[in-house]
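Written below as structure tokens is the structure these notes are about.
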Amino acid sequence: MFAIPALADNYIWAIADGDSRQAVIVDPGEANPARAWLAEQGLTMAAILITHHHPDHTAGVAALIDEAEVPVYGPEEATRACTITRQVSDGDRVSIDELGITLDVLAVPGHTLGHIVYTGHGWLFSGDALFRGGCGRLFEGDAGMMRPGLARLRELPGDTQVFGGHEYTVKNLTFAAMVEPDNTTALGALEQARADREQDRPTLPSTLADERAINPFMRWDQPDVIAAAQARDPSATGPDAVFAAIRAWKDSA
């Protein structure tokens, strides 16, 4: 797996196969970084995967498919932003025969109404639904949509690698330390993330086991997170309300 930096803080993820010399590109917000990486590696594209319609995840599609006629998989909502040749939704499977991989599609609405993720082979391409230590803002949905989606992701195997769409880890874990100041695992992860960024190293991928331990948006049922949410909003008495209170706090932090 390869992280291709793009825009200010995006990652375009690339699944590469050395035998076929082909690659799958995930959420190309820009064409040039993906194009340059493919040329440097001596690879051609087999497919593009899109998680949601925002331009920082779709704007590179047009130029890339002008140069290579490959399938573009994505949710119906993404058709407003780019060419999607194969619409997929919750429960579908994407098979990329050239690389010998099959990925399951899961719906995780909230950041956008039609946001999907792709999972399989121990990978989770989570777009803006799940980051290391955080989650996407609720631009189109609400906590009652997003928390159950993240609950589905939380049930995946702990060693699943999480390939989020942005390098937000230091900011996310700084906030996580505010929510759970006694969470030594999160504090250690923050220290490591700061060291990684000082060396210009990606802090991703994470794992779902890590996220269950450090990410307040995956820990809505933990006593310290509940207490922190209720200190901000005394009416936060259920899982969705706790999630909403923590999300609102993060938005204003």
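Read the figures in this text as sums done on the coordinates, not as results from a lab. All of these numbers come straight from a predicted model, not from anything done at the bench. FYI the Cβ positions are ideal-geometry reconstructions off the backbone, even for glycines, and counts take in every protein chain you see.
Data table
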read-out	value
Value at 222 nm in deg cm²/dmol, rounded to 500, when DSSP H runs of n ≥ 4 in the chain each add -39,500 (n - 2.57)	-10500 deg cm²/dmol
Contact order normalised by residue count of the chain, Cα under 8 Å, 6+ apart, percent	13
Charged-residue dipole, Cβ positions (Lys, Arg, Asp, Glu), the range 40-87 about Cα centre, Debye nearest 20	160
Sparsely packed GluC sites (Glu not before Pro) within the range 24-72, loop by DSSP, other Cβ within 10 Å at most 13	GLU69
Rounded to 10°, Cα long-axis angle of helix 31-41 versus longest principal axis of the chain	70
Net charge dipole size for the chain [Lys, Arg +1 and Asp, Glu -1 on Cβ; Debye, nearest 20]	460
Along each principal axis, Cα extent of the chain, largest first, Å	54, 38, 30
Karplus (6.51, -1.76, 1.60) ³J(HN,Hα), θ = phi - 60°, over the range 226-237, in Hz, Gly and Pro reported as x	4, 5, 5, 5, 6, 5, 7, 9, x, 7, 7, 10
DSSP loop trypsin sites (Lys or Arg not before Pro) with at most 16 other Cβ within 10 Å excluded, longest remaining stretch of the chain	138-253
Likely footprinting exposure, SER235, SER252, SER126, fewest C-beta neighbours within 10 Å first	SER252, SER235, SER126
Positive-end residue of GLN230, GLY114, PHE131, charge dipole of the chain with Cβ unit charges	GLN230
Bins of 10 Å from zero: percent of alpha-carbon pairs in the range 122-253	13, 47, 34, 6, 0
Dipole in debye (nearest 20) - the range 69-186, about Cα centre, beta carbon charges: Lys, Arg +1; Asp, Glu -1	240
Relative contact order [Cα under 8 Å, 6+ residues apart], the range 200-253, whole percent	26
Helix 239-252 vs. the chain, principal-axis angle (Cα, 0 to 90°, nearest 10)	80
Average Cα contact separation per residue, the range 125-253, under 8 Å, 6 or more apart, as relative contact order %	30
Fewest-first ranking of ILE101, ILE96, using other Cβ atoms within 10 Å as the exposure measure	ILE101, ILE96
Nearest-0.05 FRET efficiency for GLU198 and ALA36, computed from C-beta distance (R0 35 Å)	0.90
Cα-Cα pairs of the range 1-149 separated by more than 23 Å (percent)	29
Cβ-based charge dipole, the chain, positive-most Cα from LEU173, PRO75, ALA47	LEU173
Using alpha-carbon coordinates, inclination of helix 184-198 to the longest axis of the chain, degrees	40
